[in-house]
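One structure is given below, encoded as structure tokens.
The values are calculated or read from the model by the stated rules, or taken from the named source; none is laboratory data. What you see is a predicted model; the values in this text were computed from it and never measured. Here the Cβ positions follow ideal geometry from the backbone for every residue, glycine too, while neighbour counts run over all protein chains shown. All accessible areas refer to the heavy atoms of the entire protein, side chains included, with ligands and DNA or RNA removed. Shrake-Rupley method; radii C 1.70, N 1.55, O 1.52, S 1.80 Å.
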Amino acid sequence: MKRPIQLVDLHTQYQRIKEEIDSAVLRVVESTAYINGPEVHDFAKELGEFLDVKHVIPCANGTDALQIAMMALGLKPGDEVLTPSFTYIATAEVIALLQLKPVFVEVDPDTFTIDINDARTKVTDRTKAIVPVHLYGQSADMDAVMSFAKETGISVVEDTAQAIGSNFTGKSGIAQKVGTIGDIGTTSFFPSKNLGCYGDGGAIFTNDDDLAQKLKRIANHGQRVRYYHDDIGVNSRLDSIQAAILRIKLRHLPDYITARNEVADHYDRELGVLDGIQVPARASYSDHGFHQYTLKLEGIDREGLQNHLSEKGIPSNIYYPVAIHLQKGYTQYGMKEGDMPMTEALSAAVLSLPIHTEMDSEQLFAITNAIKEYINS
Ligand SMILES: *Cc1c(COP(=O)(O)O)cnc(C)c1O
């Protein structure tokens with residue numbers, strides 16, 4: 001039977017590693033060490049080695065990871081945190097939730113990552129942190145972010161939810177994994193992420209020993225030793241079954257990234273020459289995890305193209321149709337339509353194509369041929 005084209009195909013991916021996964025899950029069930037068992041400890045250690053970072057603190061999901069990171073910075077209500085408006089809501093949500101003020105920054109129209117020139121115009125004496133998001137799988141310009149943070153004396157929390165395993169190679173010439181460059185990095189193991197588990201999961205990274213202790217405490221009710229609570233914390237844990245699954249999938253992550261890049265290369269080749277379509281820019285300082293493969297359309301009716309693809313059984317999606325500064329829950333921060341032209345133009349122009357680890361060339365040509373057909377009609 002022909003496999004339908006999907007935005008992600010977790011079922012086929014599972015089939016290929018089914019035996020390993022099934023026995024690992026059963027092993028945890030038999031062990032009854034469901035919370036904070038050895039699998040969680042071993043996964044944190046293995047992920048730390050893979051990323052080359054000193055501390056990995058697993059937690060319940062990527063949003064919690066961001067929240068715990070923000071809590072560990074010891075910010076005061078009203079302190080300002082710079083964040084892109086062109087990102088998933090979680091990035092800004094945790095800032096707002098902690099009574100901090102999200103200050104929205106434009107992104108570079110080619111790389112979709114935070115524009116430090118715009119950030120510079122938005123600094124006040126209350127600015128305390130910046131959250132670069134490595135959107136769609138590619139690193140933000142971390143040299144620019146880090147020198148800006150140094151100049152202004154603010155903290156850096158990298159949102160790595162879409163880019164785990166990607167490398168930033170800046171002027172030092174040394175490749176560093178995203179999420180290990182700023183003060184703290186965070187990620188998500190939501191099933192469709194590049195390293196996804198079979199439920200919810202997340203993690204926080206840092207090379208700073210003191211911050212690591214604080215992050216660990218906050219994720220565990222602020223607890224220093226059992227029943228002694230030094231901080232106000234939360235309850236945010238990765239469970240042992242998810243950790244066991246992640247240990248297996250971590251070993252496959254480099255291959256998964258390669259498979260995603262092969263899909264991206266096909267799209268680049270077939271679509272890069274078409275008028276009105278801009279394929280994703282490849283930044284010189286980053287490789288790409290291709291969590292999303294996102295086109296920018298110019299003068300092409302996006303809805304019309306989506307409908308044409310849909311009729312042929314090809315799903316597509318818009319990440320994200322409304323920038324955060326224009327979301328109803330967030331207009332209280334004082335931004336209105338027209339205030340962020342770059343971001344608003346991107347919201348109207350982007351279209352993401354199916355990309356995952358299990359695509360075959362028949363599927364890929366079906367997609368690119370359908371796009372060409374629409375453009376030439
Ligand atoms: C998925 C995602 C998150 C949130 O992760 P969850 O595990 O769903 O809470 C945060 N930031 C970005 C950029 C994401 O893509």
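Considering only residues in the stretch 321-362 that are over 17 Å from Glu303 (Cα atoms) and β-branched (Val, Ile, Thr), the one that is most open to solvent (accessible area, probe 1.4 Å) turns out to be Thr331. Every condition in (1) within 13 Å of Ser85 (Cβ to Cβ); (2) touching a Leu at 6+ places or on another chain (Cβ under 8 Å) is met by Leu326 except one, and the failing one is (2). Among residues of the stretch 173-196 that are over 15 Å from Thr91 (Cβ atoms) and near the ligand (Cβ under 8 Å from one of its atoms), those with a beta-carbon under 8 Å from a residue that is at pLDDT 95 or above and open to solvent by 30 Å² or more (accessible area, probe 1.4 Å) at least six positions away or on a different chain give the pairs Phe189/Asn61; Phe189/Asp200. Scanning the stretch 94-111 for residues that are touching a strand residue (DSSP E or B) at 6+ places or on another chain (Cβ under 7 Å), assigned to a helix (DSSP H, G or I) and either open to solvent by 40 Å² or more (accessible area, probe 1.4 Å) or more than 14 Å from Tyr330 (Cβ to Cβ) (or both) turns up nothing.
Give the number of residues within the stretch 44-69 that are in a helix (DSSP H, G or I) and either aliphatic (A, V, I, L, M) or within 16 Å of the ligand (Cβ to nearest atom) (or both). Residues flagged as in a helix (DSSP H, G or I) and either aliphatic (A, V, I, L, M) or within 16 Å of the ligand (Cβ to nearest atom) (or both) within the stretch 44-69 amount to 11.
Applying the set (1) over 25 Å from Ser139 (Cα atoms); (2) open to solvent by 40 Å² or more (accessible area, probe 1.4 Å); (3) assigned to a loop (DSSP other than H, G, I, E, B) to Leu274 leaves exactly one unmet item: (2).
Assigned by TED's automatic domain parsing to the domain that holds Asp110 and either of a type in the set (Asp, Glu) or within 13 Å of the ligand (Cβ to nearest atom) (or both), is that true of Val133? Against the criterion (assigned by TED's automatic domain parsing to the domain that holds Asp110 and either of a type in the set (Asp, Glu) or within 13 Å of the ligand (Cβ to nearest atom) (or both)), Val133 qualifies. Taken together, the residues in the stretch 112-151 that are of a type in the set (Ser, Thr, Tyr) and surrounded by 21 or more Cβ atoms within 10 Å (Cβ to Cβ) amount to 3. Inside the stretch 347-377, residues that are in a helix (DSSP H, G or I) and within 18 Å of the chain's Cα centre (by Cα) make up a count of 1. Just the residues that are open to solvent by less than 60 Å² (accessible area, probe 1.4 Å) and not in a helix (DSSP H, G or I), please, taken from the stretch 32-43. Residues satisfying the conditions are Ala33, Gly37. When Val29 is tested against (1) of a type outside the set (Gly, Ala, Ser); (2) surrounded by fewer than 16 Cβ atoms within 10 Å (Cβ to Cβ); (3) assigned to a loop (DSSP other than H, G, I, E, B), exactly one condition is not met: (3). In the stretch 238-255, the residues that are closer than 11 Å to Asp200 by Cα form Cβ pairs under 7 Å with partners that are assigned to a strand (DSSP E or B), at six or more places apart or across chains, as follows: Leu238/Pro58; Leu238/Cys59; Asp239/Ile35; Ala243/Pro58.
For the residues Gln6, Gln15, Gln67, the requirement of being farther than 19 Å from Leu135 by Cβ, at pLDDT 95 or above and in contact with a His (Cβ under 8 Å, 6 or more places away or on another chain) singles out Gln6. The residue of the stretch 70-91 that is modelled with the lowest pLDDT, among those that are closer than 15 Å to Thr187 by Cα and within 11 Å of the ligand (Cβ to nearest atom), is Thr91. For the stretch 145-158, the criterion of being within 12 Å of the ligand (Cβ to nearest atom) and touching a Leu at 6+ places or on another chain (Cβ under 6 Å) is satisfied by no residue at all.
Going by the conditions given, is Asp79 touching a residue at least 12 places away in the same chain (Cβ under 8 Å), open to solvent by less than 10 Å² (accessible area, probe 1.4 Å) and of a type in the set (D, E, K, R)? It is true that Asp79 is touching a residue at least 12 places away in the same chain (Cβ under 8 Å), open to solvent by less than 10 Å² (accessible area, probe 1.4 Å) and of a type in the set (D, E, K, R).
Would you be able to say whether some residue in the stretch 233-241 is touching a Cys at 6+ places or on another chain (Cβ under 7 Å) and of a type in the set (Ser, Thr, Tyr)? For the stretch 233-241, residues touching a Cys at 6+ places or on another chain (Cβ under 7 Å) and of a type in the set (Ser, Thr, Tyr): present.
Taking the stretch 153-179 as the range and being farther than 22 Å from Tyr319 by Cβ, open to solvent by less than 50 Å² (accessible area, probe 1.4 Å) and part of a strand (DSSP E or B) as the test, the residues that pass are Ser155, Val156, Asn167, Lys177. Restricting attention to the stretch 208-230, the residues that are in contact with a strand residue (DSSP E or B) (Cβ under 7 Å, 6 or more places away or on another chain) and more than 16 Å from the ligand (Cβ to nearest atom) total 10.
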